[in-house]
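Participant: Okay, here's the structure, questions in a sec.
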Amino acid sequence: MKPYPISLEISGPTAMWTRPDTGDAPVSYPVPTWSAAKGIFESVVRIETAEIVPTMVEVCAPVVYHNYVTNYGGPLRKSAVMPNGSYQLLATVIINVCYRIYAEIRPAEHKRPLSEKALQQKNKGFNDRHACQEIFNRRLKQGQCHDIPFLGWREFAPDYFGDFREHTKVDKNINVILPSFLFSVFELSGNKKPIFKQDVEIKNGRLEYVE
């Protein structure tokens, strides 16, 4: 099967790739999870019959942790305890981040019903993976997207996303083993089914997502 690779660079002042095992005072992973990387790509392009599968992330800035405090007043707040107030959330985020993320475009494996347009294109032999690659590269170059990509939490917007910049270099001094790393939260069908990987290695600033 012919490969259809895509890639992008994204950076920003703050990122939060939440480790589920850190509880009420969440701490960030040093790199985006597979699901988060997939969401960044899909903020640029989505095609029903093609699937964007993240394959690798490169860290292009030192990993610097920083304390972050915000007030939460959303639906998960325990209203019986705090009926009129917000919950103060303490978190450990990372700052001044920069990543290069890589992915492949593969045939979609989900079983969701396709739209009439997608069915017509599929019956005509439409090369959806090539089209997805072309649309992605064009939209990325023009700075277009369906939704503004974000760095873990939606309030953490990037200060850059697009093609690789010449001055950006992979930080090969970063070598970390993550004992437990959240790979994905949902199945392709949309059902919630968290998947964790053990002893995942960031080697010379690079982590390869393993399916």
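Laboratory data are not the source of any read-out in this text; all were calculated from the coordinates shown. On a predicted model such as this, the values are computed, not experimentally measured, just so you know. No Cβ is skipped: glycine too gets one built from the backbone with ideal geometry, and neighbour counts run over all protein chains shown.
Participant: Explain nothing, just compute: Karplus ³J(HN,Hα) = 6.51 cos²θ - 1.76 cosθ + 1.60, θ = phi - 60°, for every residue of the range 154-166 in order, whole Hz, x for Gly and Pro.
Facilitator: With the stated coefficients, the range 154-166 comes to 4, 6, 9, 7, x, 9, 7, 8, x, 5, 4, 9, 4 Hz.
Participant: Please work out the FRET efficiency for the pair residue 25 and residue 130, using the Cβ-Cβ distance as r and a Förster radius of 35 Å; give the result to the nearest 0.05. Spell out each step's value before the answer.
Facilitator: Working: r = 46 Å, r/R0 = 1.31.
E between residue 25 and residue 130, to the nearest 0.05, is 0.15.
Participant: Give me, ordered by chain and number, the residues 5 or more places off residue 50 or on other chains with an amide H under 5 Å from its own placed amide H.
Facilitator: The answer is 108.
Participant: I need the peptides 134-143, 32-41, 159-168 ranked by packing, meaning the mean over residues of other C-beta atoms within 10 angstrom, with the highest value on top. Display every interim value, and only then the final one.
Facilitator: Details: 134-143: 14.6, 32-41: 22.1, 159-168: 12.7.
The peptides rank, most packed first, as 32-41, 134-143, 159-168.
Participant: Which net charge results when you count Lys and Arg as +1 and Asp and Glu as -1 among the other residues whose beta-carbon is under 12 Å from that of residue 175? Spell out each step's value before the answer.
Facilitator: Numbers: positive: 172, 203, 206; negative: 171, 201.
That sum, taken over residues with Cβ under 12 Å, equals +1.
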